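Engineer: Right, I'll just put the structure down here and ask away after.
The values are calculated or read from the model by the stated rules, or taken from the named source; none is laboratory data. Quick caveat: nothing in here was measured; it's all calculated off a predicted structure. Here the Cβ is made from the backbone with ideal geometry for all residues, glycine too, and neighbour counts use every protein chain on show. Ligands, DNA and RNA are stripped out before the accessible areas are found, and what is left, the full protein with its side chains, is counted by its heavy atoms. Shrake-Rupley method; radii C 1.70, N 1.55, O 1.52, S 1.80 Å.
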Amino acid sequence: MDLTSYAEWTVLLVNDPGPPAELRGLREELSAVFDAADRDDADDVAARLNALLARYPVRPRLARHDGQGWHLHLAADEEAAASAVMGLAAVVAELGADRLGRCREPRCGRAFLDTSSNRSRRYCSPRCASRANVAAYRARRRDGR
């Protein structure tokens, strides 16, 4: 079972400035996980995720919908927190805490999940990468390099 899609949903939640009221507290707690990863503090990432895993236990179930066959869901739809936390924890366990990040574009800071093969992602989107590259180019030109 690939849990990356759950982790990607977690990134969307962290980056959502106005999540539903019932997810606001979770958003802040998950945001703190990304902040710890951005500080390269894998122990803090693990501690925060372990606390969230204890609070939001996963209750897997078999489901069939939308013309698909039977497949596993980590939790019922109303238990989205458990799926988000489990997906993020699985990515950290399988790929490492350094796969979680914050956008390096100074005006952004959005969370992202680095699924690149060489762990090279530094921006949340191509737009932010382009913006940062243009700013660096202009700075070099201004400095005469």
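Engineer: What is the chain's relative contact order, in percent, from Cα pairs under 8 angstrom and six or more apart in sequence? Don't skip to the answer; put the middle values down first.
Structural biologist: Working: 171 pairs, mean separation 35.5, N = 145.
24 percent.
Engineer: What's log10 of I(q)/I(0) for region 54-112 at q = 0.12, 0.14 Å⁻¹, Debye sum over Cα points only, no solvent?
Structural biologist: -0.44, -0.57
Engineer: To the nearest 10 Å², what's Val11's accessible area with a 1.4 Å probe?
Structural biologist: Val11 has an accessible surface of roughly 20 Å² with all protein chains in place.
Engineer: In addition: Under a Cβ-only charge scheme (Lys and Arg +1, Asp and Glu -1), can you give me the dipole magnitude of the chain about the Cα centre, in debye to the nearest 20?
Structural biologist: Roughly 1060 debye for the chain.
Engineer: Whole-Hz ³J(HN,Hα) for each residue in region 85-91, computed from phi via Karplus 6.51 cos²θ - 1.76 cosθ + 1.60 with θ = phi - 60°, x for glycine and proline: what do you get?
Structural biologist: Going residue by residue, I get 5, 5, x, 5, 4, 5, 5 Hz, with x marking Gly and Pro.
Engineer: Contour minus end-to-end for Arg138 and Leu62, with contour as 0.36 nm per residue of separation and end-to-end as the Cα-Cα distance?
Structural biologist: On the way: separation 76, 0.36 × 76 = 27.36 nm, distance 5.42 nm.
Between Arg138 and Leu62, full extension yields an extra 21.9 nm.
Engineer: Now, a different point. What do you get for Rg/Rh of region 90-136 when both radii come from the Cα atoms and Rh is the Kirkwood radius? Each step should come with its number before you reach the end.
Structural biologist: Numbers: Rg = 11.3 Å, Rh = 11.1 Å.
Across region 90-136, the Cα-based Rg/Rh ratio is 1.02.
Engineer: Which one, Thr4, Ala90, Phe112, projects farthest toward the positive side of the charge dipole computed for region 3-145 from Cβ point charges (K/R +1, D/E -1)?
Structural biologist: Of the options given, the answer is Phe112.
Engineer: Then there is this: Could you run the Karplus curve 6.51 cos²θ - 1.76 cosθ + 1.60 with θ = phi - 60° over region 50-63 and give me ³J(HN,Hα) per residue in whole Hz, x for Gly and Pro?
Structural biologist: These are the phi-based 3J(HN,Hα) values: 4, 5, 5, 4, 5, 6, 10, x, 7, 10, x, 8, 7, 9 Hz.
Engineer: A further question on this structure: Kirkwood hydrodynamic radius (Cα pairs, Å) of region 1-97?
Structural biologist: Result for region 1-97 stands at 13.8 Å.
Engineer: Do any trypsin sites (Lys or Arg not before Pro) in region 24-88 lie in a DSSP loop with no more than 15 other beta carbon atoms within 10 Å, and if so, which?
Structural biologist: On the way: sites: Arg24, Arg27, Arg39, Arg48, Arg55, Arg61, Arg64; in loops: Arg39, Arg64.
Taking region 24-88 and a limit of 15 other Cβ atoms within 10 Å, the loop trypsin sites (Lys or Arg not before Pro) found are Arg39, Arg64.
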